[in-house]
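The structure appears right after this line, and notes come after that.
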Amino acid sequence: MKKKISLLLAVAMVTTFTLAGCSKSDTKANIDSDVIKIGVFEPMTGANAAGGQLEVEGVKLANKLYPTVNGKKVELVFADNKSDKVEAASAASNLVEQEHVNAIIGSWGSGNSMAAGDIVQDAKVPAVAASATNPLVTAGNDYYFRVCFIDPFQGTVMAKYAANKLQAKKVALLQEVSSDYSVGICKFFTDEFVKLTGDKDSIIAKANYNTGDQDFTAQLTNIKSSNPDVIFAPGNFTEGAMIIKQARQLGITTPIIGGDTWETPEFLDIGKEDVEGTVFSTFFASETPITNESKVFLDEYRKEYNKEPAAVSALSYDAYLVILDAVKRANSIDPIKIRDEIARTKNFPGAAGVITIDQNNNAVKDAVLKVVKDGKFTYLDTIKPEEN
């Protein structure tokens, strides 16, 4: 009897270890499949949903135009990170552990991307951010890349615009303190503006708000009393538009400038005539197609969606193409091999410009300045890194 029990226990232990082994291997992408699965990790609901939807549009269009690579079908797997860092980690985990994706695109919002950083690195699944500009997204992470410029460049561009074009000597900052993006770009703007003016006190006011706030009267009243030459307010499109509206209602006529997150239809819909003349930095302008792929993207996007594309749609389209190009060069859908080829990307002609991935997994790209004119986002200027 004891021998029988011992035998049963041994069988049970072997079965347990076997199942555990299967479970662990099941978390990895199937590298022998006839399908390559690309996870699309975006905020489809919540405060950032409009930005996430614009990136989803770009990826869907790219998949429609380029549905296969090396004879394999490309399947998109969507995960809603709900504009929340905790949900972002959960969504990323689901993509690698349950969906077994070979690569990931996303996310709109640097904080959402950063929440997924350890997950993709531990799983050894490459992720390519379209528009996440905070340097920490890729810092120290061999598996996270991006196809956009980073905030030190964007912050510097806007500081130079304020100092050189607007002749500002004193600036007020209004930052979305719950956003890694907003806090980061404000820091880089401050560093450059102080350097340009030679005045350590050139930032004369600094106010904070949180994502989802609707009343900015107290912050704007304090800023108005400091009488700045320019207000720099990079943050989410909804709050950004509301800030500008309330500033104008308080009689503040000071120029208000921002960053790439403003470029959504919601910014124009909420801000209406109050956002006329506002200037911000972004990644791409349809008025200045850069490559042959730019023309393909513009023509097909207009046909597919019957509207002009936002820059982030062009970037997510490019993120998809960069992954496909890496798969093609690797001649494999092994995530590690895909990762290695993404890192070697050089002079790739994307829709939003030529992409070269540097040693820090970042793209070396131009910045575009746009102004709101007659209710539309209008091209103003292109700033190259070497001019900056």
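Computed values, structure above
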quantity: Segment Tyr379-Asn292, extension gain: residue separation times 0.36 nm, minus the distance between their alpha carbons; calculated: 29.4 nm
quantity: Rough spin-label spacing in nm, given labels placed 7 Å along Cα→Cβ, for Leu166 and Asn30; calculated: 5.4
quantity: Of the trypsin sites (Lys or Arg not before Pro) in the range 167-202, those whose Cβ has at most 13 other Cβ within 10 Å and which sit in DSSP loop; calculated: Lys200
quantity: Sparsely packed GluC sites (Glu not before Pro) within the range 315-388, loop by DSSP, other Cβ within 10 Å at most 13; calculated: none
quantity: The chain, Rg to Rh (Cα coordinates; Rh as Kirkwood inverse mean 1/r); calculated: 1.06
quantity: Lys, Arg +1 and Asp, Glu -1 on Cβ, resulting dipole of the chain about Cα centre, debye, nearest 20; calculated: 840
quantity: Sites Leu250 and Asp142 - FRET efficiency at Förster radius 56 Å, r taken between beta-carbons, to 0.05; calculated: 0.70
quantity: Violating pairs (Cα-Cα greater than 28 angstrom) within the set Lys165/Lys200; Lys328/Lys370; Lys206/Lys307; calculated: Lys328/Lys370; Lys206/Lys307
quantity: Estimated 222 nm signal from helices in the chain, with DSSP H stretches of n ≥ 4 weighted -39500 (n - 2.57), rounded to 500; calculated: -14000 deg cm²/dmol
quantity: Where the range 302-342 is the region considered: accessible area per residue in Å², 1.4 Å probe; calculated: 37
quantity: Whole-angstrom gap from the range 61-126 to the range 282-354, using each part's C-alpha centre; calculated: 16
quantity: Among Leu315, Ala205, Ala103 - extreme Cα towards positive end, dipole of the chain, charges at beta-carbon; calculated: Ala103
quantity: Zone residues, the range 221-256, relative to Asp215, backbone N less than 14 Å from point 7 Å out along Cα-to-Cβ; calculated: 221
quantity: Largest-first ordering by accessible area, 1.4 Å probe, given options Leu65, Leu136, Leu268; calculated: Leu136, Leu65, Leu268
quantity: Residues whose placed amide H lies under 5 Å from that of Ala129, excluding near-sequence neighbours; calculated: Gly106, Phe145, Arg146, Val147
quantity: Contact order relative to length of the chain, as percent, for alpha carbon pairs under 8 angstrom and 6 or more apart; calculated: 17
quantity: Rounded accessible area per residue of the range 20-143, 1.4 Å, Å²; calculated: 39
quantity: Amide H contacts of Asn360 (H built 1.01 Å from N, under 5 Å, at least 5 apart or other chain); calculated: none
quantity: Share of carbon and sulfur in the accessible heavy-atom surface of the chain [1.4 Å probe, %]; calculated: 52
quantity: Inter-site label distance for Tyr305 and Asn208 at 7 Å from Cα along Cβ, in nm; calculated: 3.4
quantity: Relative contact order [Cα under 8 Å, 6+ residues apart], the range 50-166, whole percent; calculated: 18
quantity: Gain on full stretching of the segment that runs from Asp122 to Arg344 - 0.36 nm per residue minus C-alpha separation; calculated: 77.8 nm
quantity: Distant-in-sequence amide H partners of Ala207 (H built 1.01 Å from N, under 5 Å); calculated: Leu173, Leu174, Gln175
quantity: Residue-normalised accessible area of the range 174-215, given per residue in Å² at a 1.4 Å probe; calculated: 50
quantity: Thr68-Glu99 pseudo-label distance in nm [points 7 Å out on the Cα-to-Cβ vector]; calculated: 2.3
quantity: Where Arg329, Arg339, Arg248 fall by accessible area, highest first, once all protein chains stay in place (1.4 Å); calculated: Arg329, Arg248, Arg339
quantity: Fully extended contour minus Cα-Cα distance, from Asp191 to Gln359, at 0.36 nm per residue; calculated: 58.1 nm
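The values are calculated or read from the model by the stated rules, or taken from the named source; none is laboratory data. As the structure is a prediction and not an experimental result, all values here were calculated from the model. Cβ coordinates were reconstructed from backbone atoms using ideal geometry, including for glycine residues, and neighbour counts include every protein chain displayed. Note: accessible area is taken over every heavy atom of the protein model, side chains too, but ligands, DNA and RNA are not part of it. Shrake-Rupley method; radii C 1.70, N 1.55, O 1.52, S 1.80 Å.
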